[in-house]
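Chemist: This is the structure I want to talk about, given as structure tokens.
None of the figures in this text is laboratory data; all of them are computed from the coordinates on show. Worth saying up front: this structure is predicted, and the values here are computed from it rather than measured. Quick reminder, even Gly has a Cβ in these numbers, built from the backbone with ideal geometry, and neighbours come from all protein chains shown.
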Amino acid sequence: MSHNKRDELIRNALKVFYRNGFNATGMDKIAKETGVSKTSIYKHFRTKDDLILAVLRQRDADFRNWLFRRMEDLGSTPEEQLIAMFDALEEWFNAGGFQGCMFIKASAEFQNKDDAINRQSYAHKQLLADHFKRLAASAGFRDPHDLARRFLILKEGAIVIAAMSHDPAPAAEAKRIAHQILDSEPRTS
């Protein structure tokens, strides 16, 4: 299987896992829905967990690139970009096929803290928090780490409630809370 075919397999497997979950999706289903034989799949991925990790890495790159680009498009300053995250989330919630966060799902299915899938899922959240921290520091907030953590929690809560309620409203509600947080947050100068 060429590198392009491998990438295509990962992208197609991502769709199958996102729609059906990880444990409920066997390799037979992956082979059937991607059109790639199990033999070919196992030439690139020793185990289903290896495929899941590749899928999570792809989703991480795709999601962060999309989210950070939308935040930059929607906000001209670091502070505006932090707020714009919730507008980007609302776009995602309103897009067809929204079914929540793949990383939350993965960590729910692979709950052991030492599991590579659980660690990969948390690493995604840490990369998001690191970006929020950089923005908060650039915006002049006194404790960018704490602010980034609160924004991550607010973001994740909005995703979970939007997925459970099948309603995009949590993005706007989280945005209102984010404004309140920023308005009361001490600055360095």
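Chemist: Does ASP73 fit the bill of being touching a residue at least 24 places away in the same chain (Cβ under 8 Å) and under 23 Å from the mean Cα position of the chain (by Cα)?
Modeler: So ASP73 fails the test.
Chemist: Being closer than 24 Å to ASP167 by Cβ, among the aliphatic types (A, V, I, L, M), in contact (Cβ under 8 Å) with a residue 24 or more places away in the chain and buried (at least 18 other Cβ atoms within 10 Å of the Cβ): is that true of LEU82 here?
Modeler: Yes.
Chemist: With THR47, THR77 as the choices, which residue is under 22 Å from ASN112 (Cβ atoms) and surrounded by fewer than 13 Cβ atoms within 10 Å (Cβ to Cβ)?
Modeler: Every option except THR47 fails the conditions.
Chemist: When both residues are 6+ apart or on different chains and their Cβ atoms are under 7 Å apart, which pairs have a first residue that lies in region 93-116 and is touching a residue at least 60 places away in the same chain (Cβ under 8 Å) and surrounded by 17 or more Cβ atoms within 10 Å (Cβ to Cβ), and a second that is of a type in the set (Gly, Ala, Ser) and in a helix (DSSP H, G or I)?
Modeler: PHE93/ALA162; PHE93/ALA171; ALA106/SER121
Chemist: Mind counting the residues in region 119-134 that are without any contact (Cβ under 8 Å) to a residue 40 or more places away in the chain and in contact with a Leu (Cβ under 8 Å, 6 or more places away or on another chain)?
Modeler: 3
Chemist: Hey, ASN65 hits all of (1) surrounded by fewer than 18 Cβ atoms within 10 Å (Cβ to Cβ); (2) in contact with a helix residue (DSSP H, G or I) (Cβ under 8 Å, 6 or more places away or on another chain) but one; which does it fall short on?
Modeler: (2)
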